[in-house]
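Written out below as structure tokens is the structure these notes cover.
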């Protein structure tokens, strides 16, 4: 842009109580940034009653320039004064008349008013209650959908189910094996280092078998499922919600829970025990690497791993994992169905799916620990 | 290439648009005069939107030139330049309204309109808000500035999108199917808005449309594209074309006959 057209503003007093603003150059959106506040401050002074804007030397005027003139007029009129435009070139007259200052007088009203923090705490509490109620209702709907699937196995969408099995199960195998191996390795190594002082390294395999099969196998695999697949379920269903595909299902008379949620929950539940088996196996391999490097023979390791472990531990672990998978897949789908409007809402429901999934896993695991203790399992 | 004449805003020469090997339009040329409402029309799939996307620099032409003339701000700029140097400068001086509005769903209307002002100018925050509200008042939406786009009807979203496109006072405004999906009354209101903005702001409009009533009501000049010939089949005043063109394709389009109907 050429320099000669840069905005210049001169202020000269006008007796007895006025001010003349002489604009020259381009009065536009790029030039006004530095002068906007200054002009408003000088022209807005209380003692200035009458304002004259001289535009005879203006070489360019756009929406922002007219905005400044309108703002000056509105502010001055609010103070009880007045403003006059002088020397406005004819070609800009129509542009200036286009904007109606009366429409801009009132401050913009938001769609929602401001809320105090007390109200916000209350609203948050209500939202939490609503969310819990929706979760309970959703559990019911899921149960119905699964019962329906059991009674009418031919009406289950097996193609979707198998696809989800592949995505959530088979494709997650590398990460399940890697994390399992590393968990086994780290657990065995850390405990071996601690137990060395007591000469009790020989018990590391016993501990590893018990911990992995009873507790960590299901827990960690479920967290992996939440991060990998729960979020994907939420994003997929959430995007369908945003694109009104869920509404399309509803108007076709198809229950989204049966149509979208049931295949995913079934697939997750079917894959989870297998994933846990792989995880446990990989963790034992990790433990074996540590024990072999500490010069224990392989036979010692394999004979001791299962000594403290019986079938109820093994099956209990798998049962817990199954429940975790239902929770993670279910809450992922629920968050997807709860998605609001807009692209940001999909991101929110994805985050919420993972967070709620992990919270549910942790809480349920605690419940299992207590009840297994009292049941003597 | 010669410099376009003074009253020409956009000059297109030998433009070929292609997606990979698939050629959509071949070797077309036209001039958009400053201040006019220029409509690109044609049946579905004829390449209207493709030409528009090339004009606004979303795609690079396979060959040919697209020149913008901005006499008061530095002369002729070429959208098709290999090094892309003029592209930024052109983009600052044009505004685009997309078919669905393409308002950002996570922002209020005011924030949507304010965004270009925030990004490209150093106006203080209060000034940005004021200018954004002015633009919204131009399209009659000043009372909805705090609303989210999802709370508005389709016609209001399009009007808000026009306000956003006008945030930086562009010299050329591109509208992609402004009346698509709107009822006749809302659509007529939008046409009226376009005409009044064209008259009072002197902005050049390039509109892609296939809505006949809207075309007759706003267009100064139209070009009609055709899928088979991959080029322009007619050019000129839409009313004259309707009344006096002897091109069967043009007659079919304006008289709303189904393809092949003249065979019977």
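The one condition from (1) more than 23 Å from residue A:302 (Cα to Cα); (2) in a helix (DSSP H, G or I); (3) without any contact (Cβ under 8 Å) to a residue 12 or more places away in the chain that residue A:253 does not meet is (2).
The strands (runs of 3 or more DSSP E) found wholly in region A:1-105 and carrying at least 2 residues that are closer than 26 Å to residue B:196 by Cα and in contact with a strand residue (DSSP E or B) (Cβ under 9 Å, 6 or more places away or on another chain) occupy A:18-27, A:50-61, A:82-86.
Can you say whether residue A:67 is surrounded by 10 or more Cβ atoms within 10 Å (Cβ to Cβ), assigned by TED's automatic domain parsing to the domain that holds residue A:12 and in contact with a helix residue (DSSP H, G or I) (Cβ under 7 Å, 6 or more places away or on another chain), as far as the supplied structure shows?
So residue A:67 passes the test.
Would you mind finding the one in B:194, B:215, B:223 that is in contact with a strand residue (DSSP E or B) (Cβ under 8 Å, 6 or more places away or on another chain), more than 26 Å from residue B:133 (Cβ to Cβ) and either within 12 Å of another protein chain (Cβ to nearest Cβ) or assigned to a helix (DSSP H, G or I) (or both)? Write out each step before concluding.
Values: B:194 fails: more than 26 Å from residue B:133 (Cβ to Cβ); B:223 fails: either within 12 Å of another protein chain (Cβ to nearest Cβ) or assigned to a helix (DSSP H, G or I) (or both).
Testing whether each residue is in contact with a strand residue (DSSP E or B) (Cβ under 8 Å, 6 or more places away or on another chain), more than 26 Å from residue B:133 (Cβ to Cβ) and either within 12 Å of another protein chain (Cβ to nearest Cβ) or assigned to a helix (DSSP H, G or I) (or both) leaves just B:215.
The condition of being within 17 Å of residue A:138 (Cα to Cα) and away from chain B (no Cβ under 14 Å) holds for only one of A:323, A:358, that being A:323. Of the numbered criteria (1) within 23 Å of residue B:125 (Cβ to Cβ); (2) at pLDDT 85 or above; (3) buried (at least 20 other Cβ atoms within 10 Å of the Cβ), the one residue A:51 fails is (1). Counting only residues that are free of Cβ contacts under 8 Å to residues at least 40 places away in the same chain and either surrounded by 17 or more Cβ atoms within 10 Å (Cβ to Cβ) or more than 14 Å from chain A (Cβ to nearest Cβ) (or both), region B:51-72 holds 5 of them.
Note on region A:20-42: residues that are surrounded by 20 or more Cβ atoms within 10 Å (Cβ to Cβ) and more than 14 Å from chain B (Cβ to nearest Cβ) amount to 2.
Yes/no matrix, rows are residues, columns are (1) assigned to a helix (DSSP H, G or I); (2) over 21 Å from the mean Cα position of the chain (by Cα); (3) within 27 Å of residue B:150 (Cβ to Cβ):
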| position | (1), (2), (3) |
| --- | --- |
| B:83 | no, yes, no |
| B:92 | yes, no, no |
| B:96 | no, no, yes |
| B:99 | no, no, yes |
| B:106 | no, yes, yes |
| B:110 | yes, yes, yes |
| B:115 | yes, no, yes |
| B:118 | yes, yes, yes |
| B:130 | yes, yes, yes |
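Is it true that residue A:362 is within 27 Å of residue A:174 (Cα to Cα) and in a helix (DSSP H, G or I)? When the stated conditions are applied, residue A:362 passes them. Within region A:313-325, can one find any residue that is surrounded by fewer than 16 Cβ atoms within 10 Å (Cβ to Cβ), outside any helix (DSSP H, G or I) and modelled with pLDDT of 90 or more? Taking every residue of region A:313-325 in turn, none turns out to be surrounded by fewer than 16 Cβ atoms within 10 Å (Cβ to Cβ), outside any helix (DSSP H, G or I) and modelled with pLDDT of 90 or more. Restricted to region A:186-202, and to residues that are in contact (Cβ under 8 Å) with a residue 12 or more places away in the chain and surrounded by fewer than 19 Cβ atoms within 10 Å (Cβ to Cβ), which residue is farthest from the chain's Cα centre (by Cα)? The extreme case among them is A:202. When the residues of region B:88-144 are narrowed to those that are facing chain A (nearest Cβ under 9 Å) and touching a strand residue (DSSP E or B) at 6+ places or on another chain (Cβ under 7 Å), which ends up nearest to residue B:166 (Cα to Cα)? Among them, the one singled out is B:110.
Just to be sure before I move on: is residue A:326 in contact (Cβ under 8 Å) with a residue 12 or more places away in the chain and either under 17 Å from residue A:181 (Cα atoms) or out of contact with any strand residue (DSSP E or B) (no Cβ under 7 Å at 6 or more places or on another chain) (or both) in the structure I sent?
Against the criterion (in contact (Cβ under 8 Å) with a residue 12 or more places away in the chain and either under 17 Å from residue A:181 (Cα atoms) or out of contact with any strand residue (DSSP E or B) (no Cβ under 7 Å at 6 or more places or on another chain) (or both)), residue A:326 qualifies.
The values are calculated or read from the model by the stated rules, or taken from the named source; none is laboratory data. These figures come from a predicted structure and were not determined experimentally. Cβ sites come from the backbone with ideal geometry, for glycine too, and all protein chains shown count toward neighbours.
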